[in-house]
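K.L.:
What follows is a single structure, and I will ask about it in a moment.
The values are calculated or read from the model by the stated rules, or taken from the named source; none is laboratory data. Computed from a predicted structure; not experimentally measured. Every residue, glycine among them, receives a Cβ derived from its backbone with ideal geometry; neighbour counts consider all protein chains shown. With ligands, DNA and RNA removed, areas are computed over all heavy atoms of the protein, side chains included. Shrake-Rupley method; radii C 1.70, N 1.55, O 1.52, S 1.80 Å.
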Amino acid sequence: MNIANGLIKLGFISLVDFVLQDDGDGAYIAEWLSTTAQPSDADIMTADTQAQAEYDSKQYARNRAEAYPSLTEQA
């Protein structure tokens with residue numbers, strides 16, 4: 001699970017709403033700065049899964065963008 005992606009998908013901002021830390025065993029929330037309640041691990045995991053699915057679904061578009069010049073380069 002990518003904690004940062006999950007929290008960002010939920011609308012939180014890194015270093016404004018949360019601070020992550022990784023001591024070698026994986027990232028975790030070191031500080032919760034938001035006035036909104038900290039989401040559960042399950043909520044973060046669900047949001048991360050959704051964010052990853054959205055990213056994966058756009059792979060075709062990323063491949064096409066690399067394969068062809070931009071419109072400004074075509075002119």
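K.L.:
In whole percent, and with a 1.4 Å probe on the protein chains, what portion of the accessible area of the chain is carbon and sulfur?
P.N.:
Numbers: 2970 of 5610 Å².
Its accessible area is 53 percent carbon and sulfur atoms.
K.L.:
Moving on. Match the structure shown to one of the listed values (i) 13.9; (ii) 14.4; (iii) 11.9 of Kirkwood radius over Cα pairs in Å, computed from it, and give that label.
P.N.:
Matching the structure shown: (ii).
K.L.:
Hey, another quick one. Do any trypsin sites (Lys or Arg not before Pro) in region 46-75 lie in a loop, going by DSSP, with at most 11 other beta-carbon atoms within 10 Å of their beta carbon, and if so which? Don't skip to the end; give the middle numbers.
P.N.:
Numbers: sites: K58, R62, R64; in loops: K58.
Hits after loop and neighbour filter: K58.
K.L.:
With the other protein chains left in place, how much accessible area per residue, in square angstrom, belongs to region 1-73 at a 1.4 angstrom probe? Write out the running numbers ahead of the final one.
P.N.:
Details: 5380 Å² over 73 residues.
Counting only protein heavy atoms, the per-residue value for region 1-73 is 74 Å².
K.L.:
Oh, and also: Which value in nm describes the separation of the simple spin-label points at Q38 and D23, placed 7 Å from the Cα toward the beta carbon?
P.N.:
In this crude label model, Q38 to D23 measures out at 1.4 nm.
K.L.:
Here is a further query. Between K58 and N2, what is the FRET efficiency for a Förster distance of 22 Å, r being their Cβ-Cβ separation, to the nearest 0.05?
P.N.:
Numbers: r = 17 Å, r/R0 = 0.76.
Here the calculated transfer efficiency is 0.85.
K.L.:
Then there's this: Relative to the first principal axis of the alpha-carbon coordinates of the chain, what is the inclination of helix 41-57, with its axis defined by its Cα atoms, in degrees from 0 to 90 and to the nearest 10?
P.N.:
Roughly 0 degrees, rounded to the nearest 10.
K.L.:
Moving on. Mind giving me the nanometre distance, one decimal, between the label points for Y68 and T46, set 7 Å out from Cα along Cα→Cβ?
P.N.:
3.8
K.L.:
Also: Normalising by the residue count of the chain, find the relative contact order in percent from Cα pairs under 8 Å and 6+ residues apart. Don't skip to the end; give the middle numbers.
P.N.:
Details: 61 pairs, mean separation 24.7, N = 75.
The value is 33 percent.
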